[in-house]
């Protein structure tokens, strides 16, 4: 039963019969609900009250100039997540099921008014779950965006790999530049595909029980060209997944940049 001192439930009732609306309100009050009730009968009134974001909508299936399918459609058009419960004197099961498919949270016959409070509470609980899921999805989306920005703008080629197989799960732009391959081609490959045999064996020696385990060494890439690189590797554990973050720095590029900088400095006029 709701707490009697709780914030009043803002209830929007779409009903042309004031007596039927009173029956619903009295049933909820007997259950201990504090209510802030507004009753409407027309499309225009309904839209006006939607702007005030009620907590729950109770809607008769059919009114003289309005009906539940229209009201539910308007609710969806507004993009509002408000529990919508049909309360009707007579509604066929097929119609009720179709309304549920369209997005109604529940339906009740008016002669089962005693179930109204439980139906409202269930609808509110489901709304809370949807709100939580939406917030979690938005947090994840923002986290992924930040991760993507940071990962792609690293100065080193970066590879996020499965720790046991060194199969590449994710990579960045510098990696594509270093290997001369597009991202789709790199993903799913093993990191060892791009280095001479045995070079990466030491990655398997990183202790899985040490979250700060890391190593750094220099080697060359596989292939016709001899690209001298520095490899830094760290273990990352996310829940049950053991991942390996490998950063590959092109030392030849660094030497060229340093040389270019030295020449630029020597060309500056001396004062």
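For region 105-120, filtering for residues that are closer than 11 Å to residue 56 by Cβ and surrounded by fewer than 17 Cβ atoms within 10 Å (Cβ to Cβ) leaves 0. In the set 52, 76, only one residue is more than 18 Å from residue 33 (Cα to Cα) and touching a residue at least 40 places away in the same chain (Cβ under 8 Å); that residue is 52. Residue 100 meets each of the listed conditions (1) modelled with pLDDT under 90; (2) closer than 30 Å to residue 248 by Cβ apart from (2). One residue alone among 173, 135, 202 is exposed (fewer than 14 other Cβ atoms within 10 Å of the Cβ) and either touching a strand residue (DSSP E or B) at 6+ places or on another chain (Cβ under 9 Å) or closer than 26 Å to residue 219 by Cβ (or both), and that residue is 202. Selection of first residues in region 185-206 that are at positive phi and of second residues that are surrounded by 14 or more Cβ atoms within 10 Å (Cβ to Cβ) and not in a helix (DSSP H, G or I), restricted to Cβ pairs under 7 Å at least 6 apart or on distinct chains, gives the following pairs, ordered by first then second residue: 188/167; 188/168. Among the residues of region 128-138, is any in contact with a helix residue (DSSP H, G or I) (Cβ under 9 Å, 6 or more places away or on another chain) and closer than 21 Å to residue 33 by Cα? No, every residue in region 128-138 fails to be in contact with a helix residue (DSSP H, G or I) (Cβ under 9 Å, 6 or more places away or on another chain) and closer than 21 Å to residue 33 by Cα. When 124, 129 are checked against the criterion of being outside the structural domain of residue 227 (by TED's automatic domain parsing) and modelled with pLDDT of 90 or more, 124 stands alone in meeting it. In region 41-63, the residue that is modelled with the highest pLDDT out of those that are over 36 Å from the mean Cα position of the chain (by Cα) and within 17 Å of residue 86 (Cβ to Cβ) is 41.
Quick grid of which residues meet (1) within 17 Å of residue 83 (Cβ to Cβ); (2) modelled with pLDDT of 90 or more; (3) in contact with a helix residue (DSSP H, G or I) (Cβ under 6 Å, 6 or more places away or on another chain); (4) not assigned by TED's automatic domain parsing to the domain that holds residue 89:
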| residue | (1), (2), (3), (4) |
| --- | --- |
| 3 | no, no, no, yes |
| 13 | yes, yes, yes, no |
| 16 | no, yes, no, no |
| 19 | no, yes, no, no |
| 25 | yes, yes, no, no |
| 28 | yes, yes, yes, no |
| 31 | yes, no, yes, no |
| 37 | yes, yes, yes, no |
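Could you please let me know if residue 180 is out of contact with any strand residue (DSSP E or B) (no Cβ under 8 Å at 6 or more places or on another chain), closer than 26 Å to residue 153 by Cβ and modelled with pLDDT under 80? Spelling it out, it is not the case that residue 180 is out of contact with any strand residue (DSSP E or B) (no Cβ under 8 Å at 6 or more places or on another chain), closer than 26 Å to residue 153 by Cβ and modelled with pLDDT under 80.
The values are calculated or read from the model by the stated rules, or taken from the named source; none is laboratory data. The structure presented is a predicted model; accordingly, all values stated were derived computationally and were not measured. Note: ideal-geometry Cβ built from the backbone for every residue, glycine included; neighbour counts use all protein chains shown.
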